[in-house]
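The next block holds one structure in the form of structure tokens; read it before the comments.
None of the figures in this text is laboratory data; all of them are computed from the coordinates on show. Predicted model, so just to flag it, every value in this text is computed and none were measured. Note: ideal-geometry Cβ built from the backbone for every residue, glycine included; neighbour counts use all protein chains shown.
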Amino acid sequence: MKQKKLALAIISALSVMAQANAQSTSNNKEIELPRIDVVGNSLEDIKKTPGAVSIVTKEEIQLKQPISTEAVLKTVPGITIKPEEESSIVSNIGMRGLSSGDGNKYVVILEDGVPIAPGAFTGNQRYYNPRVQRMESIEVLKGSSALKYGPNNVAGVINFKTKQPEDGFAITTRVGSFGYKEGLIEAGGKTADGNMIGGINIVTIDSDGFQHKGYKTEDVMLKAGMALGDKQWLGVKLTHYDNEANISYRGLSLAQFQNRVKDNPAPNDYFYTQRNSIDFNHEWNIDPDIKLSSLMYYTKMNRDYHRYGVTSNLALNSSTGWVFNDTLGKNDRDFERRGFESRLKINHNNFGIKNELEVGVRLADEKFTQDGSTIGYQGNNYALFAENKFYINDKFTLIPGVRVENYELKRTGTKTGVTKDTVLVPGLGSIYQISPNTQLYGSVYKGFAAPSNISDLSLDDNTLADLPAQVSTNYEIGVRGTESGLRYELTAFLIDFKNQNVTSNSQNGTPTTAGSTIHQGFEMAAGYAFKNGFSLDGALTYIPVAKFRGTRGTSAIDGNRITYTPEFAGNITIGYKYEKLKTALVASYIGSQFTDVANTTAIAAGTSSSGFWTGKLESYTLLDLHTSYSVDKQLSIYGTINNITDKNYIASLRQGIYAGPSRSVMVGARYKF
């Protein structure tokens, strides 16, 4: 890891913060650096959204003290997770019956409005997952308004909102099971007039890991900004991420799983990731009714996967594990991504009614290369979008929108090829105010996803141009509201895919056109705060239909269920607050899931040509307990017990069984100077 680079960044940043803090004694006004939010910061922002909205709040993150983003996202209705390791170094997120085995392919994942995947077209979406320790809150948006944040926004959008700089200096530390050790440093300050602000977050993690799948992570974020007169702000954010994880595609045998073997199935395999990024945000409040937000970003990422070969894909001894040979395979990939985006919001009164217009443009390019290969890939893409909210009267709002996506993917080097297209993506949303505290909302829109992420395919594959862009027609209708301590949201949805590309264990993890698929169900979230300090919150996702239609190649799979899409998933949280104490007991349920398109029931090893295991995963329920106590304004302490009952369950399959983490305990403290 780049220790010298990290040290220099810390020293220079803390020097700036120290100077700023020395001047900031007379100004306590709240300052938020410019960024792109997908929902907003207020209840009114949610009320203006014609689709389901979930917000993971700062308070929830502070109480649960998660070690990964997946640990908090799993409680959001509509979201399903395909777990691999407790660290979630790589992420697998599904939404609304779209498979979590597809590596986030149909969900746009952003950080402060910036796409975090190595590429929209050239990079596997799962290769990078930011650390939750530097997040302030998380927005999850579904429905037609998600069109503004494509491509790959078929199911919805997840936006990680990073922490804003705060005056002062704070240290957080945690220790726990599996040799887990974590440190977080936060420092910040602003000038006396409040026109300049800056801060730094430094996360370091060192863990032996469950099953000795150890990992070491450094995640550094530097944010700063300044006012340009009375109406403009300019912000900059730099991040550096370095990770070394002792993980692999290899898993346990069925006998090892049943005997709760705690050894790493592939002790000499490593997954290395380094990522550096810089974002510039500009915000200009031209007048009270016109606002221009612009964003420019650049990301460079290296993903190196070093894995030892096995004597055969069938060489998994039931008691001793895999039989490895001395051949080390190095799969090292480099990604670059850059883009510019600008959004103009205008409040106007044309047509004799109140309107809110938002128009925007995005220009982006990306490239992907692999060490040892003579083939490279490039992607160029531009998009235009427009959305207008027509406030027809005090109760009814009509929200049409449209997005135009143009992309061109090129293969370069010893093999060449081009595939390109321009796709029109329309949508229509509406909101009806039933009462001051109750809303009915609905939308119909077209979903669009890239033909396939190039890095999912073999570098010598010639089928890139044969995979068309994936399109769907999406419908949803829902109701949300608040009433005397009660809050609720219930949404029914249907996603009708015309030509979905699906990843399946029976296809060695390679995406191929599955033809028509349909996904139908409902999701709900509700909560009630009692007057005695107790609270009850819950979320439920029910997807009775998530199936293939027709055939896939020579396989008759009509009516078979989509892989990694449980019919039921839900959670219940019992909370309690008393003075400085907060606790939450969380019960999470994940229903049974198929892992291959044939819907194989018995857990079975892969074939000699494909090491990917197949079978039906049984349902499971987990119990977690979270506690926090504020000793005073400076010191807070935390405690967490995950998987209280020490449930032994199969989390997912790949080349063997990924067992879910056993019971773990973690304690920590935060002190602000």
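Each stretch of four or more DSSP H residues adds -39500 (n - 2.57); spread over every residue of the chain, this sum gives -2000 deg cm²/dmol at 222 nm.
Which FRET efficiency value, to the nearest 0.05, do you get for His306 and Lys216 by plugging their Cβ-Cβ distance into 1/(1 + (r/R0)^6) with R0 = 22 Å? For R0 = 22 Å, the calculated efficiency reads 0.90. The alpha-carbon of Lys531 sits under 20 angstrom from the alpha-carbons of these aspartates and glutamates, leaving out residues fewer than 8 places away in its chain: Glu59, Glu60, Glu483, Glu579. Remark on Asp596: its backbone amide H falls under 5 Å from those of Gly615, a criterion applied only to residues 5 or more positions apart or on other chains, H modelled at 1.01 Å from N. Note on Asn406 and Asp230: with the Förster distance fixed at 41 Å, the Cβ-Cβ geometry gives a FRET efficiency of about 0.60.
Summing +1 for each Lys or Arg and -1 for each Asp or Glu, what net charge is found among the other residues whose Cβ lies under 10 Å from the Cβ of Phe335? Result for the neighbourhood of Phe335: +3. Bridging of Lys420 to lysines at a Cα separation below 20 Å is possible for Lys105, Lys367, Lys410, Lys446, Lys498, once same-chain residues fewer than 8 apart are set aside. Counting 0.36 nm for each residue step from Tyr576 to Asn355 and taking away their Cα separation leaves a gain of 75.3 nm.
Taking a virtual spin label 7 Å from the Cα of Tyr671 along the C-beta vector, which residues in region 613-635 bring their backbone nitrogen under 11 Å of it? So the set is 635. Coupling constants for region 406-419 follow from the phi torsions by the Karplus curve (6.51 cos²θ - 1.76 cosθ + 1.60, θ = phi - 60°), and in residue order they are 10, 9, 9, 10, 10, 9, 10, x, 6, 10, 10, x, 9, 9 Hz; glycine and proline get x.
So if R0 is 51 Å, what FRET efficiency would Asn317 and Ala526 give, r being the distance between their Cβ atoms, rounded to the nearest 0.05? For Asn317 and Ala526, the calculated efficiency is 0.55. Between the listed residues Ala546, Thr122, Ile36, the Cα displaced farthest toward the positive end of the dipole of the chain, a dipole computed from Cβ unit charges relative to the Cα centre, is found at Ala546. With K and R counted +1 and D and E -1, the other residues having a Cβ less than 13 Å from that of Gly229 yield a net charge of -2. Fully extending the segment from Ile290 to Ser42, taken as 0.36 nm per residue of separation minus the present Cα-Cα distance, adds 87.3 nm. For the chain, a crude dipole built from +1 on the beta carbon of Lys and Arg and -1 on the beta carbon of Asp and Glu, taken about the Cα centre, is about 220 debye to the nearest 20.
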